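Novice: Provided herewith is a single structure, encoded as structure tokens, for subsequent inquiry.
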Amino acid sequence: ATGVHLNKKDFDNKVKLFYQHWEKNTEFDAFLFTMGKITRDLNQINIKALHHWLLKYEFSETQLLITKEKIVFLGSPKKKAFLKEVSEEFKDKIEILTRDVRVDDNTDVYKDFYGFITKKNPKVGIFTQDVCTGKLVEETYKNMPVDFEKVDA
């Protein structure tokens with residue numbers, strides 16, 4: 001991620017568009033976008049497009065959880081350094097959690113991460129057709145609460 005510079009104004013404008021669109025489609029209670037390991041395959045085309053649209057960069061093994069109240073990133077400590085300056089207008093809504101890639105159990109981090117979704121039995125929008133791989137993806141689904149209904153976004 002060396003040389004990565006995120007455009008705060010562009011990010012803020014795109015987040016506004018995202019929320020405006022969401023208001024028109026109330027089917028979802030939250031959105032979860034999981035970028036696995038970067039590959040040349042076309043198996044993550046939607047999440048890659050979202051990263052480019054929103055951030056202008058692909059942050060491998062990084063998650064983005066969007067609720068009505070919060071925008072939560074989960075990634076490595078190195079990615080946190082880049083993402084902490086991503087927004088001016090929404091900085092109070094943004095949370096950045098880190099996971100330790102060297103440990104086998106990040107359950108506590110995921111409890112905090114999924115805790116941002118406060119609704120019972122939420123409908124969580126995900127890109128069901130994207131096939132992502134990597135430890136982060138495995139941890140994501142292993143730790144996802146059983147009452148979450150995954151709906152294709």
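The values are calculated or read from the model by the stated rules, or taken from the named source; none is laboratory data. These figures come from a predicted structure and were not determined experimentally. Positions of Cβ are generated from backbone atoms using ideal geometry, with glycine treated the same way; all protein chains shown enter the neighbour counts. SASA here: full protein model, heavy atoms, side chains in, ligands and nucleic acids out. Shrake-Rupley method; radii C 1.70, N 1.55, O 1.52, S 1.80 Å.
Novice: How much accessible surface area, in Å² rounded to 10, belongs to the heavy atoms of Asp100 with a 1.4 Å probe?
Specialist: 50 Å²
Novice: Would you work out the charge dipole size for the chain about its Cα centre, treating the Cβ of every Lys and Arg as +1 and the Cβ of every Asp and Glu as -1, and quote it to the nearest 20 debye? Before the final figure, lay out each step's value.
Specialist: Values: 26 positive and 25 negative charges, 70 e Å.
Dipole magnitude for the chain comes out near 340 debye.
Novice: Counting only C-alpha contacts under 8 Å and six or more residues apart, can you give the relative contact order of the chain as a whole percent?
Specialist: 30 percent
Novice: What number in nm² do you get for the chain if you take the convex hull of its Cα atoms and divide its surface by four? Write out the running numbers ahead of the final one.
Specialist: Numbers: hull surface 34.6 nm².
Over every viewing direction, the Cα hull of the chain projects on average to 8.6 nm².
Novice: Further question on the same structure: Calculate one ³J(HN,Hα) per residue across the stretch 86-92 by plugging θ = phi - 60° into the Karplus curve 6.51 cos²θ - 1.76 cosθ + 1.60, and present them in order as whole Hz with x for glycine and proline.
Specialist: Values, residue by residue: 6, 9, 9, 5, 9, 4, 6 Hz.
Novice: Where does each of Arg99, Arg40 land when they are ordered by accessible area, with a 1.4 Å probe and the largest first?
Specialist: The most accessible residue leads, giving Arg40, Arg99.
Novice: Could I ask something else about it? Amide H to amide H, which residues 5 or more places from Ser87 or on other chains are under 5 Å from it, using H placed in the peptide plane?
Specialist: Result for Ser87 returns nothing.
Novice: Could you report the chain's accessible area per residue, 1.4 Å probe, as an integer in Å²? Each step should come with its number before you reach the end.
Specialist: Working: 8550 Å² over 153 residues.
Here the per-residue accessible area is 56 Å².
Novice: Within the accessible area of the stretch 70-153, what % is carbon and sulfur when the probe is 1.4 Å and the other protein chains stay in place?
Specialist: On the way: 2390 of 4790 Å².
Of all accessible area on the stretch 70-153, carbon and sulfur atoms account for 50 percent.
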